[in-house]
Amino acid sequence: MIVKEEFLSKLRRAFNLNLYEARIWTALLSRGISTAGELSEIGNVPRSRAYDVLESLEKKGFVVMKLGKPIKYLAVDPSEVVDRVKKNVKVLAEENVKKLDGLKGTPVLKELTSLHKDGIEFVEPSDLSGALRGRHNIYTHMELMIKNAERSVTFMTSSKGLLRKFDALKPEMEKLKKKGVMIKIAAPITKETIPIIKDLMKVAEIRDSKSINARFCIVDDKDLVFMVLDDSSVHPTYDVGVWINTPFFASALNNLFEVAWKDMKPADKITPKA
């Protein structure tokens, strides 16, 4: 094979190719123009598969077939391939989004919702929990939680966490505000967070948590996500959160939060030290 397997792996991930496609494509790039038989030998691909692979690459815009005897294939410039792949990915994504949007209000979604509601009745309360690994997954789950909030959403976070929530969750908070959901955020107020405080105060009540070092989110006194690591000392990929659906514990934690909340200064009355 003319290229290393490590390089082929990168190509497969970047261009969404299978192994034979990556091998045939790189083989053709090294030749410029070639026959299926030649490419199968160079790329170490079974001859019986070479034509199918080349047909697939042609449909994706990686190669051009030249008519004649024997049939030869011409490599498309890689920069042009990148543009074609980007366009195809965008078109496919838009089509999939339309399909999913089309499910709203349909019998299919109603049936799925019914199955979920019926099935959840058989779930033990202790099973309504799970570990969330990686900050992206934590925030994705947190967004889902607050999206369904009906009464209240409570956040205790770090100063950096406040900045992240502004970026990731503010659109959902604005929707909750319109629904009349009470949003409280406790976080250390610093000069870095001041620029977003005024904007966030339009949708939430914010107070300075001073030296309290904790990160959690409580929704409607029943859903709770709490982080088990200090975000200042852990990489986002290795951050860990625990989700539990437990009115007993979530309500108890919220009551403790309310006790601390009374002693916290409102954000609009604080001027952090330079």
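The values are calculated or read from the model by the stated rules, or taken from the named source; none is laboratory data. This is a predicted model, so every value here is computed, not measured. Every residue, glycine as well, gets a Cβ built from its backbone with ideal geometry; the counts of neighbours run over all protein chains shown.
Some values worked out for this structure:
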{"quantity": "Meets criteria (surrounded by fewer than 13 Cβ atoms within 10 Å (Cβ to Cβ), touching a residue at least 60 places away in the same chain (Cβ under 8 Å) and either among the hydroxyl-bearing types (S, T, Y) or in the same structural domain as V259 (by TED's automatic domain parsing) (or both)) for T190", "calculated": "no"}
{"quantity": "Residue count, region 47-85 (criterion: part of a loop (DSSP other than H, G, I, E, B) and either under 38 Å from the mean Cα position of the chain (by Cα) or outside the structural domain of E21 (by TED's automatic domain parsing) (or both))", "calculated": "4"}
{"quantity": "Checklist (1) free of Cβ contacts under 8 Å to residues at least 40 places away in the same chain; (2) touching a Phe, Trp or Tyr at 6+ places or on another chain (Cβ under 9 Å) applied to K184, failing item", "calculated": "(1)"}
{"quantity": "Close pairs from region 37-48: first touching a residue at least 24 places away in the same chain (Cβ under 8 Å) and within 11 Å of T26 (Cα to Cα), partner assigned to a helix (DSSP H, G or I) and among the hydroxyl-bearing types (S, T, Y), Cβ under 8 Å, at least 6 apart", "calculated": "I42/S30; G43/Y20; G43/T26"}
{"quantity": "Qualifying residue in region 162-182 (condition: in a loop (DSSP other than H, G, I, E, B) and crowded, with 16+ Cβ neighbours inside 10 Å)", "calculated": "yes"}
{"quantity": "Residue within region 75-90 that is closer than 17 Å to E38 by Cα and modelled with pLDDT of 85 or more present", "calculated": "yes"}
{"quantity": "R23 out of contact with any Asp or Glu (no Cβ under 6 Å at 6 or more places or on another chain), of a type outside the set (G, A, S) and surrounded by fewer than 22 Cβ atoms within 10 Å (Cβ to Cβ)", "calculated": "no"}
